[in-house]
Structures are given as structure tokens and as C-alpha cells.
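What follows is a set of notes on a single structure, which appears directly below.
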Amino acid sequence: MKALAEIRDAYDVSSDAFFVPPTAIHPKTVRVRANVVDASWPSDFEPFLPELRDRYLAHRANRTAHARLYLGASPRPAIVLIHGYMAGHWWLEERAWPMAWLAERYDLALALLPFHALRSRSVRGGPPPFPGTDPRMTNEGFRQAIFDLRALIGHLRGRGAPAVGVMGMSLGGYTTALLATLEPVAFAVPIIPLASLADFAAEQGRLGTGEQALLQHDALERANRIVSPFARPSRVPPVRVLVVAGQADRITPIGHAERLARHFGAEMVRFEGGHLLQFGRAEAFRSIGRWLDSVTGR
């Protein structure tokens, strides 16, 4: 409890002081196939806490940001797609998302979160340090995620995209919601999203039971407050936010999506499946497609 209170105090700053804007990027690109390129660029990120700098930056692979881009013959409205926890491998993401269907109408960018896939600290895999048991690493990881995503969005806008929106699944849904409170993107679609790190810890039985669990939940919520989507209002109008939830989701139960929908004043779409076995997701994506057409004028 004392450690969580100290972390809360260390991050008791304004959003502008914590989420610093990136400089313009000029990614190195490698062609994968027709209209698909892999982009990478240095993530010139510095941790907020000086005492965490050496530990954080020791993960050299994480100091390079990556995105796979699916581009049309000329710039179109673009969607940044954000993966879930322990995901981000290109072969996996190209199956998790309806890429061919989306790429018919939009430019796409599959973005990698810190410490995932190509940014992993180890070729042998294992859980990444973000998000993790140390709330400081979680806070810094989300800070870097927003830093890199803003750089990518700036690049897409710079190359002529008339609008750039964001969609994310699970941990990517949380990141999408967080980004929508910091950057005026064209639209935001959190899918089967995580909404609260403290809620997730409690639901997974990691905070014990009884009064101690309630006290720990509150302390953890405060320690991660700076990176919470609920810490500030949305910068995206409610009609441009759509929350998608799985009725049978046992990893991020539907309450997470409902809480985000209330915060953003957004419409919510439900499908019958869960987090991994996403029965009914085809109809959910058709709903997303109709909604995207309405907000982008396609």
C-alpha cells in the first residue's frame, strides 16, 4: 500500500506534462507485397521517472517502433489497428482482423505496442513487462504507446490521409480509449476492451478478498490514474466512438465495455461470443463497417 501511494504521488502531474508530443517521423520501409510495407522508426521515448530510465531503455528492441501499412494507390481515410496482450505478430494480426475487407475501403496501419512481437525483450517469448506487476512499467508503457501512436498518426496525416481513426482489441481497446482522451482522432472503436487495470486485477483474484482487496483496488486505481481513460474527458465526439463487446467475455467482461461506453457517451454493439471464441464477430464487424461508412462518408 505504501509503494502504491508513492507511485500515485510520483505520477501526480497533468496530462500535458506526462504525455509529451513526438517529433515528426520518417519511417524506413520494406515492401512485403503489393501495397503492403513494413515501417519502422526510432522511438525517441524517455521514461517519465528518471529512476526507471536505465531499466526501461535496457530493452533495446523496444526502442524501435513498428507498423505494417496497407496502402491504396492514393491516400484514403486511414485506420490504425492496435492488437491485444501478448499479440502483435503480423501473421496473427492478419487473421485477427478482416484485413482484406477493411483494405478495400481504407488505408490501414497495424501498430505494435511496446514490448510486444518485434519489440519483445526476448526471442523466447514470455510475458512482457508492459503491462505488468510493476505499475510504474505499466504507466511508462502506455506513455510510450501513446507517443508512438501519435507519431504514426502524424505520419499518416502527413502523407495525405483525410482522416485517421483508431480501432483496438482487448489491451488495444484500452489503448484506443486512452488515445481518444488525448488525441482528436477521426473516430475510435474499442473492441472487447479492457477498461480498468484495477478491475482486471480484482476479477482475476490478484487482490485477495474482503476489505484488503477493496483497499488494494483503490490504491492500484490511483497508481495507474495517469494512464486511465477515465482520468480526462474524450477528445472525440460521442457519435464518433463505438464500443464493441462480447456477451460471453470472461477475460474482459462486458462491464468493461459498458463502463467505457458510459464515459464516452457512445453507442455499444454486442456480439454473442467471448474474448477468444468470438462467435458472432462477423455480424459485429458488419455493424462496425456500416458505422464507419456513416462517420467517414464512404
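The values are calculated or read from the model by the stated rules, or taken from the named source; none is laboratory data. Predicted model only: the values in this text are computed from it and were never measured. Positions of Cβ are backbone-derived with ideal geometry, glycine not excepted, and every protein chain shown enters the neighbour counts. Calculation scope for accessible area: heavy atoms of the full protein, side chains included, ligands and nucleic acids excluded. Shrake-Rupley method; radii C 1.70, N 1.55, O 1.52, S 1.80 Å.
Tabulated data
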quantity	calculated
Meets criteria (under 25 Å from residue 144 (Cα atoms) and within 15 Å of the chain's Cα centre (by Cα)) for residue 236	no
Pairs where the first residue, in the stretch 193-215, is touching a residue at least 60 places away in the same chain (Cβ under 8 Å) and over 24 Å from residue 170 (Cα atoms) and the second is surrounded by fewer than 19 Cβ atoms within 10 Å (Cβ to Cβ) and not basic (Lys, Arg), C-beta under 7 Å, 6+ apart	215/1
Answer from 64, 138 - the residue that is in contact with a Ser or Thr (Cβ under 7 Å, 6 or more places away or on another chain), at negative phi and of a type in the set (S, T, N, Q)	64
Residue selected from the stretch 237-260 under the condition small (Gly, Ala, Ser) and open to solvent by 30 Å² or more (accessible area, probe 1.4 Å), by the criterion farthest from residue 175 (Cα to Cα)	248
Residue 276 vs. criteria at pLDDT below 90 and among the hydrophobic types (A, V, I, L, M, F, W, C)	yes
Residue within the stretch 102-125 that is over 30 Å from residue 8 (Cβ atoms) and among the basic types (Lys, Arg) present	yes
The stretch 47-63, residues that are in contact with a helix residue (DSSP H, G or I) (Cβ under 7 Å, 6 or more places away or on another chain) and either over 15 Å from residue 116 (Cα atoms) or open to solvent by 40 Å² or more (accessible area, probe 1.4 Å) (or both)	47, 48, 49, 52, 61, 63
Looking only at the stretch 157-207, and only at residues there that are among the hydroxyl-bearing types (Ser, Thr, Tyr) and over 11 Å from the mean Cα position of the chain (by Cα), the one that is nearest to residue 23 (Cα to Cα)	181
Cβ-Cβ under 9 Å pairs, at least 6 apart or on other chains, the stretch 17-34 side part of a strand (DSSP E or B), far side polar (S, T, N, Q)	28/40; 29/40; 30/40
Complete set of residues in the stretch 131-154 that are of a type in the set (S, T, N, Q) and touching a residue at least 60 places away in the same chain (Cβ under 8 Å)	138, 139, 144
Evaluation of residue 22 against (1) within 18 Å of the chain's Cα centre (by Cα); (2) open to solvent by 90 Å² or more (accessible area, probe 1.4 Å) (one fails), failing number	(2)
Odd one out for residue 13 among (1) among the aliphatic types (A, V, I, L, M); (2) open to solvent by 60 Å² or more (accessible area, probe 1.4 Å); (3) more than 14 Å from residue 66 (Cβ to Cβ)	(2)
Test: residue 168 is open to solvent by less than 20 Å² (accessible area, probe 1.4 Å) and more than 23 Å from residue 13 (Cβ to Cβ)	yes
